[in-house]
Amino acid sequence: MANESASKLAVLIDADNAQPSLIEALLAEIAKYGTAHVKRAYGDWTDNHLKSWKDELLRQSVQPMQQFGYTRGKNATDSALIIDAMDLLYSGRFDGFCIVSSDSDFTRLAGRIRESGLIVYGFGERKTPEPFVAACDKFIYVENLSGKPDEPAPQKPRSAAQLKQDSGLVNLLRNAVDAASDDDGWATLGAVGSIINKQRPDFDARSYGYGKLSDLVAATTLFEIERRSSGEGRPKTIHVRNHKKAGRA
C-alpha cells in the first residue's frame, strides 16, 4: 500500500472477545496504519455482560451492531461481523480491515480479505489461536497496549543477555538483516521490519519491552547501527549490519 497513513480502514470489533478498557489505546494503535472510516462493535447489547462497553462506545464513536443470540451455543455475533465484513469488502471503499478478536472463527475471513488484495490487521490476546494470527498481515497482541495511548507498554525491557538467549529472536533478526542487506552487509531497518512482519505477523518489539524495532535491535548488541542522512530536511535513515559481517565476533 502506497501510503499507510492515508489508508481507509474498517474496524470491526467482536465485543464478546475484547475489553472496553483498551479501546482508546486500540484506536490509537490503529491510527498508525490508517484512518478508521468505519468503527463497529458486534454483540448482543441486551446482555448485561456487555454493559461496560456503553460509555466507551459513545466516547470513541463506535457504532454498536445488535445481534441477538437466538440459539444457545451458536455464535450469532461472529456471523454478523463476517457478513458485514464481506459487504464492506465488496463496496470497494476500503484499503484494509482491522479485526478485533481472539477467536479463530475469523481465520477464513482474514484470508478472504487478503485474497482481494486488502491488508488485514488483527488485534487479540496472546491466547489467540495461531491460524488466525498467521492469516493476518500483521497481528498486535492487546497485552502490548497500555491502558492509555500515551503510556509505555507494560512489559519490562529484557536485557542483552536475555535477548541473546532467545535463539528464535536472534535468528529472526539476523536472517532478516541478511535478506535485506547490500553487498557490504548493510540493510535499512525499514526493509528488515518488512521482512520480519511477512515471516511473523505477530512480531512486536513491545513483546520484549521495547517501543521500537530500532531499540530492540540496539539492545541485543549484535548489530552495528548507523543513522544516515537521506537529504537536507529529511529524517535520517537507520541502517543495520550483523557484527559478523563486519568481521567481528
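Computed from the coordinates by the stated procedures, all read-outs in this text should not be read as laboratory data. All of these numbers come straight from a predicted model, not from anything done at the bench. Note that each Cβ is placed from the backbone with ideal geometry, even for glycine, and that neighbours are counted across all protein chains shown.
Evaluate the relative contact order of region 160-246 (contact order divided by residue number), counting alpha-carbon pairs under 8 angstrom at least 6 apart; express in whole percent. Display every interim value, and only then the final one.
Values: 105 pairs, mean separation 26.7, N = 87.
For region 160-246, the relative contact order is 31 percent.
So what is the calculated 222 nm ellipticity per residue for the chain, using -39500 (n - 2.57) for each DSSP H run with n of 4 or more, over all residues, to the nearest 500 deg cm²/dmol? Present the calculation step by step, with values, prior to reporting the outcome.
Details: 9 runs with 84 residues, N = 249.
The per-residue figure over the chain is -9500 deg cm²/dmol.
Evaluate the distance, in nm, between pseudo-label points positioned 7 Å from the Cα of Gln60 and of Gln19 along their respective Cα→Cβ axes.
1.3 nm
Considering the options Ser104, Ala160, Val11, tell which one lies farthest towards the positive end of the dipole of the chain, charges being +1 on Lys and Arg and -1 on Asp and Glu at the Cβ, about the Cα centre.
The residue sitting most towards the positive pole is Ala160.
Can you tell me how much longer the chain between Arg234 and Ala31 gets when fully stretched, taken as 0.36 nm per residue apart minus their C-alpha distance, in nm with one decimal? Walk me through the intermediate numbers first.
On the way: separation 203, 0.36 × 203 = 73.08 nm, distance 2.26 nm.
That pair, Arg234 and Ala31, stretches by 70.8 nm at full extension.
Considering the options Trp186, Ser230, Leu213, tell which one lies farthest towards the positive end of the dipole of region 169-249, charges being +1 on Lys and Arg and -1 on Asp and Glu at the Cβ, about the Cα centre.
Final value for the positive-end residue is Leu213.
With labels modelled as points extended 7 Å from the Cα through the Cβ direction, what inter-label distance (nm, one decimal) is found for Ser194 paired with Glu115?
2.7 nm
Extension gain Ile225-Ser91, at 0.36 nm per residue separation less the Cα-Cα distance, in nm? Intermediate values should be presented prior to the final figure.
Values: separation 134, 0.36 × 134 = 48.24 nm, distance 4.47 nm.
Fully extending the segment from Ile225 to Ser91 adds 43.8 nm.
Name the long-range amide H neighbours of Cys98: under 5 Å, sequence gap of 5 or more, or other chain; modelled H, no Pro or chain starts.
Result for Cys98 returns Ala10, Val11, Leu12, Tyr121.
Rounded to the nearest 20 debye, what is the charge dipole size of the chain about its Cα centre when +1 sits on each Lys and Arg Cβ and -1 on each Asp and Glu Cβ?
Details: 33 positive and 33 negative charges, 112 e Å.
Dipole magnitude for the chain comes out near 540 debye.
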